[in-house]
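Participant: Pasting in a structure now, in structure tokens, and then I'll have a few things to ask.
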Amino acid sequence: MKIGTDAVLLGAWTSINRNPFSVLDIGAGTGVVALMLAQRCYAELIDAVEIEDNAYEQCTENFEDSPWNDRLFCYHASLEAFVEEIDETYDLIVSNPPFYSDDFKSKNNQRDLARFEDALPFDHLLDSVSKLLSSNGLFSVIIPFKEEQSFMDIATSFNLFPKRILRVKGNPNSDTKRSLIEFSFTKGQVETNDLIIENGRHQYTQDYVNLTKDFYLKM
């Protein structure tokens with residue numbers, strides 16, 4: 001599975017200002033978000049959970065081949081099974097969850113499982129996060145912009161409140177496509193910003209370059 005812009009945005013935007021000791025990546029895919037956080041911070045424990053067989057194998061291989069392999073570990077499990085197994089909580093949780101609807105289903109079951117909303121419904125994700133997040137922890141997620149309000153409404157029901165929001169456009173003339181949202185258990189003022197990725201084809205904006213340049217070989 002290819003590395004998408006969503007994962008790069010999440011890995012680069014997620015705050016590490018609280019110097020997390022433990023990190024969890026839910027639905028890790030290839031492991032790129034966890035790897036980016038390993039590059040960015042000194043967390044001693046960076047766990048990932050991935051249910052799809054091929055993605056899990058690739059994630060594990062990527063972790064083992066990285067300079068931070070002593071801090072990275074991927075669990076091959078459903079989120080439900082993971083929640084039941086794990087007793088401790090995490091200081092930082094991240095997720096780039098599958099969110100495609102039935103309208104987009106293909107004949108490739110593996111890709112469908114990795115991409116589609118029924119593999120990880122938002123209420124199940126948020127319920128799990130509320131159980132796995134430490135009392136002072138942060139949860140960062142990237143979702144479609146059109147799901148932003150409903151996602152925050154569900155989060156509130158689990159006492160998770162938005163702290164920061166970044167709304168992303170592909171170019172200045174396109175609709176807002178993605179929302180990155182940071183949650184905590186503390187309600188407060190919400191910091192809201194916008195990001196445009198490109199001014200033209202492969203002509204990246206300075207804001208996008210500043211955010212992601214540490215993770216591209218050519219930028």
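The values are calculated or read from the model by the stated rules, or taken from the named source; none is laboratory data. Predicted model only: the values in this text are computed from it and were never measured. All Cβ positions, glycine included, derive from the backbone under ideal geometry; neighbour counts span all protein chains shown. Just so you know, the surface numbers come from the protein's heavy atoms only, side chains and all, with ligands and any DNA or RNA stripped out. Shrake-Rupley method; radii C 1.70, N 1.55, O 1.52, S 1.80 Å.
Participant: Counting alpha carbon pairs within less than 8 Å and at least 6 residues apart, what relative contact order, in whole percent, applies to the chain?
Facilitator: On the way: 416 pairs, mean separation 35.7, N = 219.
Relative CO of the chain lands at 16 percent.
Participant: Among the trypsin sites (Lys or Arg not before Pro) in the range 134-219, which ones are in a DSSP loop with at most 12 other Cβ atoms within 10 Å of the Cβ? Mind listing them?
Facilitator: Numbers: sites: Lys146, Lys163, Arg164, Arg167, Lys169, Lys177, Arg178, Lys187, Arg201, Lys213, Lys218; in loops: Lys187, Arg201, Lys218.
Filter output for the range 134-219: Lys187, Arg201, Lys218.
Participant: Please report the antiparallel percentage of DSSP beta bridges with both residues in the chain, rounded to the nearest 5.
Facilitator: 40
Participant: Write down, largest first, the equivalent ellipsoid semi-axes of the chain in whole Å, where each equals the square root of 5 times an eigenvalue of the alpha-carbon gyration tensor.
Facilitator: Details: eigenvalues 110, 85, 76 Å².
Result for the chain: semi-axes of 23, 21, 20 Å.
Participant: If R₀ is 22 angstrom, what is the calculated FRET efficiency for the pair Asn193 and Asp153, using the beta carbon separation as r and rounding to 0.05? It would help to have the intermediate numbers written out before the result.
Facilitator: Working: r = 21 Å, r/R0 = 0.97.
My answer for the efficiency is 0.55.
Participant: Continuing with the same structure: What distance in nm lies between label points placed 7 Å from Cα along the C-beta direction at Thr5 and Phe185?
Facilitator: Placing both labels 7 Å along Cα→Cβ, they lie 3.6 nm apart.
Participant: Something else about it: In the chain, what percent of the accessible surface is made up of carbon and sulfur (1.4 Å probe, ligands and nucleic acids excluded)? Present the calculation step by step, with values, prior to reporting the outcome.
Facilitator: Details: 5180 of 11580 Å².
Here carbon and sulfur together make up 45 percent of the probe-accessible area.
Participant: Give me log10 I(q)/I(0) at q = 0.14, 0.19, 0.20, 0.24 Å⁻¹ for the range 146-219, Debye formula, one equal scatterer per alpha-carbon, no solvent.
Facilitator: Values, matching the q order: -0.55, -0.83, -0.88, -1.04.
Participant: Per residue, how many Å² of accessible area does the range 168-218 show with a 1.4 Å probe? Write down the numbers at each step before the final one.
Facilitator: Details: 3520 Å² over 51 residues.
About 69 Å² of surface per residue is accessible.
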